[in-house]
Amino acid sequence: MMKRLNILQVLAVVASLSSFSVQAQTKMSAEDAAVKIADRILSHTTYDFKDTKTGKIYPSVKNIPFSMDVKVNCKYNNWHYTNGVTHIALMELADKLGNKKYESYVQKNMDFVFNEGNLDFFRKQYDEAFKKGGWNAVRSHSWHMIFRGKRLDDNGPMGASLIELQMKHPDKAYLSYINETAAHLNDGEPRLDDGTIARICHT
């Protein structure tokens, strides 16, 4: 049995968002299907940024003019809970198959966020948007969940996948975010009277 997560189920959900039909591969084993889906994710991931107004693509946001229109170009590099569970599934697939390319993929994605000088650009976007329009205004900007840290969705699955990666590839930038996430979950996340983490809606 695959530990903790059913890798195929997780990757199949991701694939369903990417117009890949697992049902069309009915004669494939679960392992073969998981590998096919995982390889498709890897082959469709890019590491660049796009100015949504001009269409220009940048390999990095370092040394480009600041703009509120620049976004992460690839959905697989969005900071989103779906990518967090995908990262966990890919690392488990790497362990199961003894194929480190899936683990290396997750590490490359996290380095793209934390270790290539791109994060400060989007922190500035976030701060500008929040100053002008509050919480609702930040939602249209890439990586806003990294900075918002108000909901479990902001840092739960992505933080969990980062912990998995940190255990194998220690990194100061990873650890700093993990510590921030731990502080939020321990002290900042809303809870019921019995201590259960909850999303509390205020009317």
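Readers should treat all values here as calculations from the given coordinates under stated rules, not as data from a laboratory. For clarity, every value in this text was computed on a predicted model and none was experimentally measured. Because the Cβ atoms are built from the backbone with ideal geometry, glycine has one as well, and the counts that use them run over all protein chains shown.
Which entries of 131/172; 36/108; 75/150 show an alpha-carbon separation above 25 angstrom in the structure shown?
Working: 131/172 29 Å; 36/108 20 Å; 75/150 22 Å.
Beyond 25 Å: 131/172.
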Amide H contacts of residue 58 (H built 1.01 Å from N, under 5 Å, at least 5 apart or other chain): 49, 50, 51
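Counting pairwise Cα distances across the stretch 87-155, what percent come out greater than 14 angstrom?
Working: 1530 of 2346 pairs.
Tail fraction, whole percent: 65.
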Once you treat every alpha carbon in the stretch 132-203 as an equal point and sum by Debye, what is log10 I(q)/I(0) at q = 0.17, 0.21, 0.25 Å⁻¹? -0.73, -0.98, -1.16
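Taking the Cβ of residue 55 as the centre, find all other residues whose Cβ is under 14 Å away and add up their charges (Lys, Arg: +1; Asp, Glu: -1). Please list the in-between numbers first.
Numbers: positive: 50, 53, 56, 71; negative: 48, 51, 69.
Once positives and negatives cancel, what remains is +1.
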Where does the stretch 46-188 land on Rg(C-alpha)/(2.2 N^0.38 Å)? 1.06
